[in-house]
Amino acid sequence: MKFNGPALTTDFTTRGLITLRELLDEDLGRICADAASAFERMSGQRVLVTGGGGFLGYYLVQSLLHWNRLHPNEQPIDVEVWESGLRGNPQWLTDLVGQAHFTLKAHDLTQPLPADMGHFDWIIHAASIASPKIYRALPLVCIDANINGLRNLLDHAVAARKAGRPVSGLLFFSSSEIYGDPSPDAIPTLETYRGLVSCTGPRACYDESKRFGETLCVVFAQHEGVPVKVARPFNNYGPGLKINDGRVIPDFVRNILAGEDMVMLSDGSPTRTFCYASDAITGYFRTLVHGQAGEAYNIGIQEPEISMAGLAGKLAVLARGLFGYGGKVVLGRSAEAAYLVDNPNRRCPVITKARQQIGFAPRVGLDEGLWRTLVWYHHNPRGVEG
């Protein structure tokens, strides 16, 4: 199950631009290779992706369809995406309409499930609001998607089992935010860490609804036999993440593409590890298919743990090689008074469990991932894609 790919040692400070099609084909090809055992299990079956028009949906959806193209002699995977349209459907998603084995439906997961939804073999619940600036503005929508929407899907899985057509797997996207701001002795952080989380702060609608969502998953796995698995993303980034999302990498890139200085909204000392989209999506498919019911898996990378100042410096060097960028890093202040409240000082996962149980082996280094991200934003500078 483990993919043993070659080390990636290219100097990405000197590599030039490639086309968007080249970038996507490389990334989607990696996902299809590294998650092949999962896709093989899904061959000839139906997959539902809720919230498929979001950041994670960008590669979740396109990689399944790419697998079909790469394996024309195998039974195709049928993909159905549900989108509420809360932020508008991205162009890349609507462009897929009319392709074989793809369906796009308008549905809000905070509402009851459609009576005619039919049977799905695999369900990926990615309908959520992960952008801090959006969930702080729409806290109840965030809570409803993470709790009520999840509960509806879990109840559906129970009904499907009782009807003799059980769901093969259901994936809930939790978050590394369920750990809150871990104590120093809990970093790098294991899945067994119980968290240090505020239940009343400005991030609580997201953090606490993800935590309760995990509780629902465990209860339904243990008491109702639902094969639900939980993924805890650690700072995923890359293609599909809107440039106006409000997270640190798209914020920096927006400055770069505008030819402006990069504005850092903290003192630059908080640290994170960053997992590129193709690695993360591989981990999610492996969690869905190979993970154990009721179990949670950290999906990220363990190194390098880099400060926000260090991240800005790397982006500046890469952007200089790609675009001739000449800006510098300056300190700024967010217009949101609560921007840094409850913001974790450090975030770094232990991924041993995912390596051992589901064969997760991330292989895109930070330099390559940031270079690929800059290339993608160059082709999508206004957030149209994703």
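Quick one: of the DSSP bridges fully inside the chain, what percent are antiparallel, nearest 5?
Restricted to the chain, the bridges split so that about 5 percent are antiparallel.
Using only Cα atoms, tell me the angle between helix 55-70 and the longest principal axis of the chain; keep it within 0 to 90° and round to the nearest 10.
Around 70 degrees separate the two axes.
What aspartates and glutamates could a cross-link reach from residue 105, if we take a straight Cα to Cα line under 19 Å and drop same-chain neighbours fewer than 8 places away?
Counting by Cα, and skipping residues close in sequence, residue 105 has these aspartates and glutamates nearby: 78, 80, 83, 95, 116, 121, 385.
As a check on your grasp of the helix formula, calculate [θ] at 222 nm for the chain: sum -39500 (n - 2.57) over DSSP H runs of n ≥ 4, divide by the residue count, round to the nearest 500. Before the final figure, lay out each step's value.
Numbers: 13 runs with 149 residues, N = 386.
Theoretical 222 nm ellipticity from helices: -12000 deg cm²/dmol.
If you take every residue apart from residue 306 with its C-beta less than 12 Å away from the C-beta of residue 306, what net charge results, scoring Lys and Arg +1 and Asp and Glu -1?
Values: positive: 272, 314, 346, 347; negative: 303, 305, 367.
With Lys, Arg at +1 and Asp, Glu at -1, the net is +1.
What's the percent breakdown of Cα-Cα distances in segment 185-310 across 5 Å bins, shortest bin first?
Percent of pairs per bin, in order: 2, 9, 14, 18, 21, 17, 10, 6, 3, 1, 0, 0.
Normalised by the number of residues in segment 258-325, what is the relative contact order in percent for Cα pairs under 8 Å and 6+ residues apart? Let's see the in-between values first.
Numbers: 41 pairs, mean separation 32.2, N = 68.
Computed value for segment 258-325: 47 percent relative contact order.
Pop out the carbon and sulfur fraction of the accessible area of segment 248-294 as a percent, whole number, probe 1.4 Å. Before the final figure, lay out each step's value.
Working: 550 of 1210 Å².
On segment 248-294, the fraction of accessible area on carbon and sulfur atoms equals 46 percent.
Which of 316, 231, 100 ends up with the largest GNM mean-square fluctuation for the chain, with Cα atoms connected below 10 Å?
In the Gaussian network model the winner is 100.
Order 284-294, 156-166 from most to least packed using the mean count of other Cβ atoms within 10 Å.
On the way: 284-294: 23.5, 156-166: 14.2.
Ranking, from highest mean packing down: 284-294, 156-166.
At 1.4 Å probe size, put 346, 87 in order of accessible surface, largest to smallest.
Numbers: 346 75, 87 105 Å².
Sorted by accessible area, descending: 87, 346.
Using the C-alpha atoms of segment 174-223, what convex hull volume per residue, in cubic angstrom, is computed? Provide the component values of the computation, followed by the final result.
On the way: hull volume 3.7 nm³, N = 50.
Expressed per residue, the convex hull around the Cα atoms of segment 174-223 is 74 Å³.
Could you give the accessible area per residue of the chain, probe 1.4 Å, as a whole number in Å²? Write out the running numbers ahead of the final one.
Numbers: 15450 Å² over 386 residues.
Using a 1.4 Å probe on heavy atoms only, each residue of the chain averages 40 Å².
With contacts defined as alpha carbon pairs under 8 Å and 6 or more residues apart, what's the relative contact order of the chain in percent?
Values: 742 pairs, mean separation 86.1, N = 386.
Value for the chain: 22 percent.
Of the listed values (1) 0.94; (2) 1.02; (3) 1.09, grab the one calculated as Cα Rg over 2.2 N^0.38 Å from the structure here.
Computing Cα Rg over 2.2 N^0.38 Å and matching it to (1) 0.94; (2) 1.02; (3) 1.09 gives (1).
In a shell of Cβ-Cβ distance under 12 Å around residue 104, excluding residue 104 itself, what net charge do Lys and Arg (+1) and Asp and Glu (-1) give? List each step's numbers first, then the result.
On the way: positive: 105; negative: 80, 83, 95.
So the environment of residue 104 carries a net charge of -2.
Show me the ranking of peptides 77-85, 109-117 by mean Cβ neighbours inside 10 Å, starting with the highest. If you can, show how the numbers build up before the last one.
Values: 77-85: 21.3, 109-117: 12.9.
Highest mean packing first, the order is 77-85, 109-117.
Among the lysines, select those whose C-alpha is under 17 Å from the C-alpha of residue 353, and discard any that sit fewer than 8 residues away in the same chain.
Qualifying lysines at Cα under 17 Å: 2, 229.
Please list, in order along segment 157-162, the HN-Hα scalar couplings obtained from phi with the Karplus expression 6.51 cos²θ - 1.76 cosθ + 1.60 (θ = phi - 60°), rounded to whole Hz, x for Gly and Pro.
5, 5, 4, 5, 5, 5
Provide 352, 50, 200 ordered by accessible surface of protein heavy atoms (probe 1.4 Å), highest first.
On the way: 352 60, 50 0, 200 120 Å².
In descending accessible area the options line up as 200, 352, 50.
The values are calculated or read from the model by the stated rules, or taken from the named source; none is laboratory data. Owing to the predicted nature of the structure, the values given are computational and were not obtained by experimental measurement. Note that each Cβ is placed from the backbone with ideal geometry, even for glycine, and that neighbours are counted across all protein chains shown. All accessible areas refer to the heavy atoms of the entire protein, side chains included, with ligands and DNA or RNA removed. Shrake-Rupley method; radii C 1.70, N 1.55, O 1.52, S 1.80 Å.
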